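Quick notes on the structure that follows.
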Amino acid sequence: ELARRLKERAKTSGRSDDNLDTLKKRLVTFHTSTMPVVEHFREKKILNYIPAHTREVKDVYSCVRQSLLPFVTTEIKALNQELVAAADADDWSAFAELCSKDCDAAAQFDGLSGDDARNEGRRSILEDEHVHLGGQSAVVSYKRRLFGKSFLESRQWAVEGGSWRHVSCKRTEC
């Protein structure tokens, strides 16, 4: 099948290296550089094999997305907890580092100020965290307990430069 497709592509690509010998070399290179990575993930039991040769592209995409969701969700929750911890510690630089360049980080810097906000040992407790993914953006919603009060918060995150960055926060006391 690959040879047939390559022959067809060679008719219109204008590339001199679209031939069977080059394809064979490319496949050897692909297998020697990729298989060690595959074996590494297989040994760690985090390889999710998705047979793609008999499926439609949309079905393969759906399977890949489903297999990656837990990892992305865990990453976003960890970043959100890191952001809240930076606010708890009044660590402006760590907080700003997690924010989008378009985010008004100063305005987003917690907003729970006052004398009791500066107490040592300030620690928020996050409960019922939920991550809602939408392509290159995500919303983390949760209940936050701090200073004997409870707040419902949702934080928007977006991919910026290949990394998740905090964009905005909405908070309601409950």
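The values are calculated or read from the model by the stated rules, or taken from the named source; none is laboratory data. What you see is a predicted model, and the numbers here were worked out from it, not measured in a lab. So basically every Cβ, Gly included, is an ideal-geometry build from the backbone, and we count neighbours across all protein chains shown. Calculation scope for accessible area: heavy atoms of the full protein, side chains included, ligands and nucleic acids excluded. Shrake-Rupley method; radii C 1.70, N 1.55, O 1.52, S 1.80 Å.
For helix 57-88, report the angle its Cα long axis makes with the longest principal axis of the Cα atoms of the chain; keep it between 0 and 90° and round to the nearest 10°. Roughly 30 degrees, rounded to the nearest 10. A simple packing score, the average count of other Cβ atoms within 10 Å per residue, orders the peptides 86-99, 4-17 as 86-99, 4-17, with the highest score first. Subtracting the Cα-Cα distance of residue 145 and residue 128 from 0.36 nm times their residue separation leaves 5.0 nm of extension gain. Compute the helix-to-body angle for 20-43: its Cα long axis versus the longest principal axis of the chain, expressed 0 to 90° and rounded to tens. For helix 20-43, the angle is close to 40 degrees. Over the chain, dividing the summed -39,500 (n - 2.57) contributions of all DSSP H runs of at least 4 residues by the number of residues returns a 222 nm mean residue ellipticity of -15000 deg cm²/dmol. Rolling a 1.4 angstrom probe over the protein heavy atoms with all chains in place gives region 123-172 an accessible area of 52 Å² per residue. Extending 7 Å from the Cα toward the beta-carbon at both residue 171 and residue 8 defines two label points whose distance is 5.8 nm. Angle check, please: helix 2-13 long axis (alpha carbons) against the longest principal axis of the chain (alpha carbons), in degrees 0 to 90, nearest 10. Helix 2-13 and the main axis of the chain meet at about 90 degrees.
Using the average count of surrounding beta-carbon atoms within 10 Å as a protection proxy, the listed peptides 48-57, 131-140 rank, highest first, as 131-140, 48-57. Distance between the 7 Å Cα→Cβ label points at residue 71 and residue 52: 1.4 nm. Heavy-atom surface analysis with a 1.4 Å probe gives the chain a carbon and sulfur content of 53 percent of its accessible area. Given the pairs 77/143; 143/170; 77/170; 101/170; 149/170; 11/58, which span a C-alpha to C-alpha distance of over 22 angstrom in this model? Violating the 22 Å limit, Cα to Cα: 11/58.
Dipole magnitude for the chain: computed about the Cα centre from +1 point charges on Lys and Arg Cβ and -1 point charges on Asp and Glu Cβ, it is near 1120 debye. Only Cα pairs under 8 Å and 6+ residues apart enter the sum, and on that basis the relative contact order of the chain stands at 13 percent. Accessible surface computed residue by residue for region 11-109, with neighbouring protein chains in place and a 1.4 Å probe, gives 73 Å² per residue.
Placing a label point 7 Å from the Cα of residue 160 along the Cα-to-Cβ line, the residues of region 54-84 whose backbone N sits under 19 Å from it are 75-84.
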